[in-house]
Amino acid sequence: MKRQDVIEFLRSKTGYLKKGNQWVADKLGIDLNLATECKKEVAASEYKKYKENTQEFTNENINEINDKGFNMHLSEIGLKLEDVKSVKFWQTSKGDHRYSVVPLTGWHELESEKNAFLEEVKKKSPQVSKYSYKPKTSPSLGVLSLPDIHYGKITGEGPEAIEEHYMQVVMELWEKAKGSNIERLLMPIGNDGMNSEGLSKATTAGTPQDDYMGWRQSFRGYWQLMDTAITWLSKKIPVDVVIVQGNHDFERMFYIGELLDSRYANNPNITVDNSLDERKYYQYGANMFLNFHGDKVKRNNIPLLMATEQPIMWSECIFREALVGHIHKELVDEIMGTKVRHIPSICGNDEWHKGRAYVGTRRVGQMHIYHIARGYEGMFQVNVLD
């Protein structure tokens, strides 16, 4: 391809700009230097176009916004006009209006108010006795990870359908796995559990999203769904919950974790890891697990990263796995003796994926079983039918 052909192609396929230079070069069959130069040029022109099409308003001139959809957007995210510090307003190539809203300082709850709220939650946390589980000989661990459900995303299904799918998968997987001599359940949650960060209906990085509900509804709906599933499972087996922050809900998943940790303060059958570490580790006998979303670390770097961040756990374990989401499909790779396991999603497709023909991925829920001394034993699976 000639230079101008590459530039025109990248302008028509702007998704390629998010890919690495070598990936683009290999995909188009061109020299790496040419791919790098063309990507840089197109990215610069796209940013310039974005800046030219973007209007910025502050609290002083916000009344000048002449757009009916803006007031509706404010209503959806639960803000009044006087609560807004600044707004970026732009129009997509399809003619859709997008808004990035920054609330006034002090609009969010203060730290003291948040702590007081969580203390109240802890006071109301149900007093639960420790369940009497049958002791296991030669036991195993169940890993129930259902990442990337993108609660609130427009997929043609309402929240009731999403919640029904989720609980059906959880219950069916438990029925299939309960005879596997498992003594504990590791349950990573989050991993883009919610589709957007909230106020501006965008990812953590600011990419606009098509959500069918406001930030309050999606937060409340998702946390109640997780509470229902975790509580149901904890009556059958001890559950270790790990909060995994995704690229769509990085901040909100931390708040979900704080809420769940307070909720189960008086429940000895549930633990919640909501530590500040973005990558969370878990050890079960000879098994080492790294839980993270998978959008920031190159796959080939994972074994060294695990050994560097957790050298003692690394040395104590024979079997090492990274449990990853993000790509919505099953993919298992082995790098230097470490398994990198991408867990599939039960989420349906939105218009963005359908428009790009990303429609072949199965909606699948899985539970994986790990023996305390012998490592990976197998997997149970439930397919979600559209």
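The values are calculated or read from the model by the stated rules, or taken from the named source; none is laboratory data. Since we're looking at a predicted model, the values are computed, not measured. Cβ: placed from backbone, ideal geometry, glycine included. Neighbour counts: every protein chain shown.
What to note about this one:
- Within region 95-147, considering residues that are under 29 Å from residue 291 (Cβ atoms), at pLDDT 75 or above and under 24 Å from the mean Cα position of the chain (by Cα), the one surrounded by the most Cβ atoms within 10 Å (Cβ to Cβ): 143
- If you go through region 6-24 and keep only what is farther than 23 Å from residue 355 by Cα and modelled with pLDDT of 90 or more, you end up with nothing.
For every residue, the table says whether it meets (1) among the polar types (S, T, N, Q); (2) modelled with pLDDT of 95 or more.
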{"residue": "93", "(1), (2)": "yes, no"}
{"residue": "149", "(1), (2)": "no, no"}
{"residue": "152", "(1), (2)": "no, no"}
{"residue": "162", "(1), (2)": "no, no"}
{"residue": "168", "(1), (2)": "yes, yes"}
{"residue": "175", "(1), (2)": "no, yes"}
{"residue": "181", "(1), (2)": "yes, no"}
{"residue": "186", "(1), (2)": "no, yes"}
{"residue": "195", "(1), (2)": "yes, no"}
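- Residue satisfying all of: in region 347-386; at pLDDT below 90 and among the basic types (Lys, Arg); nearest to residue 154 (Cα to Cα) among these: 354
- Within region 270-307, if we keep just the residues that are in contact with a strand residue (DSSP E or B) (Cβ under 7 Å, 6 or more places away or on another chain) and of a type in the set (S, T, N, Q), the residue that is surrounded by the fewest Cβ atoms within 10 Å (Cβ to Cβ) turns out to be 300.
- Restricting region 209-222 to residues that are aromatic (Phe, Trp, Tyr) and under 16 Å from the mean Cα position of the chain (by Cα), the residue that is nearest to residue 73 (Cα to Cα) is 215.
- A single entry from 163, 157 fulfils the requirement of being of a type outside the set (Val, Ile, Thr) and over 20 Å from residue 188 (Cβ atoms): 157.
- One residue stands out in region 159-208 among those that are of a type in the set (D, E, K, R) and within 15 Å of the chain's Cα centre (by Cα): the one that is farthest from residue 90 (Cα to Cα), namely 192.
- Qualifying residue in region 254-266 (condition: outside any helix (DSSP H, G or I), touching a Cys at 6+ places or on another chain (Cβ under 9 Å) and surrounded by fewer than 20 Cβ atoms within 10 Å (Cβ to Cβ)): no
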